[in-house]
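Worksheet: the structure to be examined is printed underneath.
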Amino acid sequence: MPATAYTECLDAMFRMRRFGIILGLSTITNILDGLGNPQQTFSAIHIAGTNGKGSIASALATILQIAGYRVGLYTSPHLVRFNERICIDGTPISDDAVVASWEAVKAVHHGDREPTFFEFSTAMAFYEFARRHVDYAVIETGMGGRMDATNVITPTVSIITNISLEHKNYLGNTIAAISGEKAGIIKPGIPVVTGVTQKSARAVIEKTAAGQSAPLFMKGRDFHVRRTADDRFSYFGMDHRWAGMRTGLMGNHQLDNASLTLAACELIMRGHARLSKDHIQSGLAQNRWPGRLEVVSQKPYVILDGAHNLMAARRLGRYLQDALAGRRITMVAGILEDKPYESILKDLVAPCSRLIITRAKIDRSLPPETLEAAARPLIDDIQIIADVGDAVRHAIATSRPEDAVCVAGSLYVVGEAKAALEKSGGALFQI
């Protein structure tokens with residue numbers, strides 16, 4: 001297949017971004033009907049929430065794969081290449097498969113309006129999962145849940161990770177309103193696992209689950225974890241008690257994600273899936289999720305973390321303060337315009353001695369000058385380097401081997417940083 005077929009396909013998809021974000025299920029339903037409803041050919045696990053969706057999704061996919069199942073994984077956004085959004089057995093689909101799924105979706109009638117980028121890519125993922133005969137597909141929502149394009153599946157288990165104020169223009173201005181949108185993934189009789197903590201959020205999810213006769217399992221009430229020695233923990237669940245567990249992802253918050261992962265595994269096992277403690281323990285320990293506390297260098301210590309909302313920024317700030325205490329830290333940050341950038345910056349720069357402000361190429365990126373004005377009261381050493389690759393290269397070149405560099409504020413910034421570092425071939429630092 002000519003190389004241009006792939007690039008032309010992606011160019012056409014990225015032009016769909018001009019349609020913006022349109023929540024609703026009619027267009028995706030029309031497309032999937034035209035494809036023969038591929039989403040009905042596999043068992044699915046559906047994940048909504050503010051943070052942790054990708055970490056939980058990748059952990060479940062890894063566990064199921066180790067157990068011998070063929071597993072699809074659909075997540076967003078991608079960091080470097082579109083193919084990352086659609087993985088089968090831990091590997092992004094090929095360029096040829098991207099083109100074939102694009103052409104299949106393009107050939108069917110989509111209804112009265114043009115599909116959005118996310119609707120089109122969701123249909124491509126479901127088409128490819130059916131074509132490759134996956135046993136399970138682990139599917140992450142794009143935004144919200146109730147009217148998200150992924151919400152056409154009937155899953156084996158639904159998961160709602162946690163909830164904070166985000167995408168208020170689309171999902172609502174209160175925790176309760178946003179919870180109602182996330183709870184929209186709850187289906188009649190399908191068990192739900194959740195890690196939400198706010199009373200208003202829990203009340204909404206409980207009411208929705210009761211209305212759907214969906215069994216609800218809450219972290220802290222129905223299952224919990226307890227940290228033990230040597231970065232391990234014990235899990236106390238509905239049906240099992242598992243000791244000696246460990247997650248392959250860094251950060252204290254990954255303990256919460258792991259507890260939801262294990263609760264979901266218990267419910268999948270109730271559905272007669274062939275999972276053992278060894279499968280679960282190995283999969284959780286082997287799980288990796290790029291761009292989330294991802295260490296790419298030791299000298300200097302370079303860490304990539306999307307931290308694209310306030311909750312994630314607070315977690316990252318605490319992690320840097322605790323784990324990198326005593327190091328001189330440079331923060332390379334760019335933030336999108338729909339985020340509470342002043343609050344995010346405050347948390348990101350608190351443990352840092354230097355800030356380099358950058359800007360991802362996506363049109364929703366905030367101008368560096370806006371971020372600079374917000375950062376002036378917070379930190380003295382500020383520099384603007386608009387190109388992400390140049391910003392990261394400068395941060396590394398001007399850091400000592402014992403220093404640390406953190407790239408954060410947006411998954412788009414992290415993606416461009418990863419691309420630049422991969423292009424350098426490791427010449428910038430010592431792994």
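The values are calculated or read from the model by the stated rules, or taken from the named source; none is laboratory data. This structure is a prediction, so every number in the text was calculated from the model and none was measured. Heads up, the Cβs are rebuilt from the backbone with ideal geometry, glycines too, and the neighbour counts pull from every protein chain shown.
Starting from the range 176-193, take each residue that is farther than 19 Å from Leu25 by Cβ and list its partners that are among the polar types (S, T, N, Q) and buried (at least 20 other Cβ atoms within 10 Å of the Cβ), counting only C-beta distances under 6 angstrom and pairs at least six apart or across chains.
Every condition considered, the pairs that remain are Val192/Ser158.
Looking at the structure I just gave you, is Phe233 without any contact (Cβ under 8 Å) to a residue 60 or more places away in the chain, under 21 Å from Ala323 (Cα atoms) and aromatic (Phe, Trp, Tyr)?
On the way: without any contact (Cβ under 8 Å) to a residue 60 or more places away in the chain: yes; under 21 Å from Ala323 (Cα atoms): yes; aromatic (Phe, Trp, Tyr): yes.
Yes: the conditions hold for Phe233.
Hey, any hits in the range 416-430 for a residue that's crowded, with 22+ Cβ neighbours inside 10 Å, modelled with pLDDT under 95 and touching a helix residue (DSSP H, G or I) at 6+ places or on another chain (Cβ under 8 Å)?
Yes, because at least one residue in the range 416-430 is crowded, with 22+ Cβ neighbours inside 10 Å, modelled with pLDDT under 95 and touching a helix residue (DSSP H, G or I) at 6+ places or on another chain (Cβ under 8 Å).
Can you tell which of Arg226, Arg221, Arg202 is part of a strand (DSSP E or B), outside the structural domain of Leu310 (by TED's automatic domain parsing), more than 30 Å from Leu32 (Cβ to Cβ) and among the basic types (Lys, Arg)?
When all the criteria are applied, what remains is Arg226.
Got a sec? Which of Thr156, Thr141, Thr122, Thr62 is among the β-branched types (Val, Ile, Thr) and in contact with an Asp or Glu (Cβ under 8 Å, 6 or more places away or on another chain)?
Thr141
Residues Ala333, Ala313, Ala273: which one is surrounded by fewer than 20 Cβ atoms within 10 Å (Cβ to Cβ), small (Gly, Ala, Ser), in contact (Cβ under 8 Å) with a residue 60 or more places away in the chain and over 17 Å from Ile56 (Cα atoms)?
Within the list Ala333, Ala313, Ala273, the selection yields Ala273.
Where in the range 1-94 are there helices (runs of 4 or more DSSP H), lying wholly inside it, with at least 1 residues that are surrounded by 23 or more Cβ atoms within 10 Å (Cβ to Cβ) and either hydroxyl-bearing (Ser, Thr, Tyr) or outside the structural domain of Gln254 (by TED's automatic domain parsing) (or both)?
Ranges flagged: 53-66.
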